[in-house]
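So the structure is just underneath, and the comments pick up after that.
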Amino acid sequence: MCQYSSDDGLPTDWHLVHLGSRAVGGAGLVMVEATGVSREGRISPFDSGIYSDAHAVAFQPITKFIQAHGAVPAVQLAHAGRKASTDAPWRGGKPVGANAGGWQAIAPSPIAFGHYPVPREMTGNDINRTLADFAAAAKRALTAGFEVVEVHGAHGYLLHEFLSPLSNQRADSFGGSLQNRMRFPLEVVSAVREIWPKHLPVFVRISATDWAPGGWDLPQSIEFAKACKSLGVDLIDCSSGGLVHTQQIPLGPMYQTPFAEAIRREAQIATGAVGLITTPQEAEEIVASGKADVVLLARAMLRDPYWPLHAAKELGVDVKWPEQYERAKA
């Protein structure tokens, strides 16, 4: 995983997809995470974006490099909503003002995320413009050479904010009932799917539950996943939480995998499992037993960039190593 400044168009984060031992020797997927569809959609001034043609061009050497090494380049399109305009995580991650490169955050409703500044409620024009931003970002992602696109609808960012009744208290057609709260996120998904070639996958990342009373939960996530499937989405990436500070998360190994399993079963759509999956055996068991179709790794790769090579060895799969490293393979 890598981190760079946003203004040079380079990625802030990578995700690796592990497909189980049946595919360890095949193509993996490398995902650039949280790529802003607009300047105000970035989490921090340090995030990457794909809101200009220059960004698309800057990504091209990266996607070519990924492809040259037998992997599939993917990108996560994101808008941070009320959680935007914060400092970089390694600098504390607190909200920043205009004097530090920050900006006015927007959201479905003027409800702050904990101690963050109150966001500006989005107007109809804001909603239309943001929808257009996602569509334009998808076009640029194709120009950049990405082969998979993921719509980020999780972790308390903008699309999740529309989904959850804890953050969406609008009185118009984008708030209230489940169908209304799903309206804008589904419009975004539809716009991206319409642009993205049919032979290339579209993922949607969700928080399957807010881990908070009265919030977004698994039954609503199943309904959202069904709607996504009807629009041509190929996979639901199942995470959780991130919407409110009062969340109560029972952390433990593979703690989010049951969400992927339930959505896969009830919505009849492929799912990805994430969250405290750290060992090759855990990843293999999830895929081999049908709990999910893929496992997505992030922090495990930060701790050990050679995780795939070590996993292949532990699972007894012979994979090609970089020739410079082959002397250490035995």
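Side notes on the structure shown:
- Members of segment 148-167 found to be over 21 Å from Leu231 (Cα atoms) and either more than 11 Å from the chain's Cα centre (by Cα) or assigned to a strand (DSSP E or B) (or both), listed by number: Gly156, Pro165, Leu166, Ser167
- Residue within segment 160-172 that is among the hydrophobic types (A, V, I, L, M, F, W, C), at pLDDT 95 or above and in contact with an Asp or Glu (Cβ under 7 Å, 6 or more places away or on another chain) present: yes
- Within the set Ile263, Ile222, the sole residue that is within 26 Å of Thr35 (Cα to Cα) and either part of a strand (DSSP E or B) or in contact with an Asp or Glu (Cβ under 7 Å, 6 or more places away or on another chain) (or both) turns out to be Ile222.
- Flag for Leu276 being of a type in the set (A, V, I, L, M, F, W, C), closer than 24 Å to Gly242 by Cα and surrounded by fewer than 20 Cβ atoms within 10 Å (Cβ to Cβ): yes
- Near pairs, Cβ below 6 angstrom, 6+ apart or cross-chain, from segment 309-330 (over 18 Å from Val287 (Cα atoms) and in contact (Cβ under 8 Å) with a residue 40 or more places away in the chain) to any residue that is not in a loop (DSSP other than H, G, I, E, B) and not polar (S, T, N, Q): Val319/Ala312
- Subset of segment 59-101 [in contact with a Lys or Arg (Cβ under 8 Å, 6 or more places away or on another chain) and free of Cβ contacts under 8 Å to residues at least 24 places away in the same chain]: none
- Selection over segment 195-224 of residues that are without any contact (Cβ under 8 Å) to a residue 12 or more places away in the chain and farther than 15 Å from Cys238 by Cβ gives a count of 2.
The values are calculated or read from the model by the stated rules, or taken from the named source; none is laboratory data. Quick caveat: nothing in here was measured; it's all calculated off a predicted structure. Note that we place each Cβ from the backbone using ideal geometry, even for glycine, and neighbour counts take in every protein chain shown.
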